[in-house]
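Worksheet: one structure, shown below.
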Amino acid sequence: AQYCGVLLVKICEHWLLKSVLSVLFVVSTFVFDPSMHTELWALLALIVMDTFTALIAATKNSIPIESRKVFKSAVKTVVYFLLVAAGYVTEYVIPIPYIDQIVIGFLALTELVSIIENFGKCGYSVPTHLLAQLKKLKNDK
């Protein structure tokens, strides 16, 4: 708790950082549905789980962990959130509600499939029928 207080004081001392954070906050309120913050946190949690299960699978299978692959996960996170933002902004233009929720649902399903596959790579038994159904749902047009 003390560290957070020191960090907050440091942030407040730097006007440029405050300005950038303020702009990011204002922009985020325009490009992300304010009522969707729980879903966005859930998507972020799934991305983190996928990354950790992939690292565990790589370790169990003696596959070297490369910084390039970890960086790819960070880029994927940014791209996912840009897709969600694009879905929300599209709702301003096209009067079709829930576009951002559909995007979040698809991305969450993609992460869930990857997490289950990673457990399989770790040597654990996975529900293959469930995995097949999730892949089918993800790939249906």
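FYI, it's all coordinate maths here, none of it is from the lab. Quantities reported herein were computed from a predicted structural model and do not represent experimental measurements. Here the Cβ positions follow ideal geometry from the backbone for every residue, glycine too, while neighbour counts run over all protein chains shown.
Ellipsoid fit via the Cα gyration tensor, the stretch 65-141: semi-axes of 28, 19, 7 Å, each the root of five times an eigenvalue, largest first. Taking label points 7 Å from Cα along the Cα-to-Cβ direction, Arg68 and Ser28 give a separation of 3.2 nm.
Going by the alpha-carbon gyration tensor, a ≥ b ≥ c the square roots of its eigenvalues, is the stretch 47-95 rounded (a/c under 1.5) or, if a/c is not under 1.5, prolate (a/b greater than b/c) versus oblate?
On the way: a/c = 6.16, a/b = 3.30, b/c = 1.87.
Since a/c reaches 1.5 and a/b is larger than b/c, the shape of the stretch 47-95 is classed as prolate.
Measuring max minus min along each principal axis, the C-alpha atoms of the stretch 79-119 give extents of 41, 17, 7 Å (largest first). Rounded to the nearest 10 degrees, the angle from helix 99-121 to the longest Cα principal axis of the chain is 50 degrees.
Please give the FRET efficiency for Leu137 paired with Val89, using the beta carbon to beta carbon distance and R0 = 25 Å, rounded to the nearest 0.05. Before the final figure, lay out each step's value.
Numbers: r = 26 Å, r/R0 = 1.04.
Once the sixth-power term is evaluated, E becomes 0.45.
Extending 7 Å from the Cα toward the beta-carbon at both Leu130 and Glu13 defines two label points whose distance is 5.0 nm. Annotation: extensible slack from Val78 through Ala42 equals 11.5 nm (criterion: 0.36 nm per residue apart, minus Cα-Cα distance). Which ³J(HN,Hα) values, rounded to whole Hz and listed in residue order, are derived for the stretch 54-68 from phi using the Karplus coefficients 6.51, -1.76 and 1.60 in 6.51 cos²θ - 1.76 cosθ + 1.60 with θ = phi - 60°, glycine and proline given as x? So the Karplus estimates, Gly and Pro as x, are 5, 5, 5, 4, 4, 5, 5, 9, 6, 9, x, 8, 9, 4, 4 Hz. Report the GluC sites (Glu not before Pro) located in the stretch 41-141 that are in a DSSP loop and have at most 10 other Cβ atoms inside 10 Å of their Cβ, or state none. Qualifying residues, ordered by number: Glu66. P(r) tail for the stretch 1-119, what percent of Cα pairs lie past 17 Å? So the portion of pairs separated by more than 17 Å is 66 percent.
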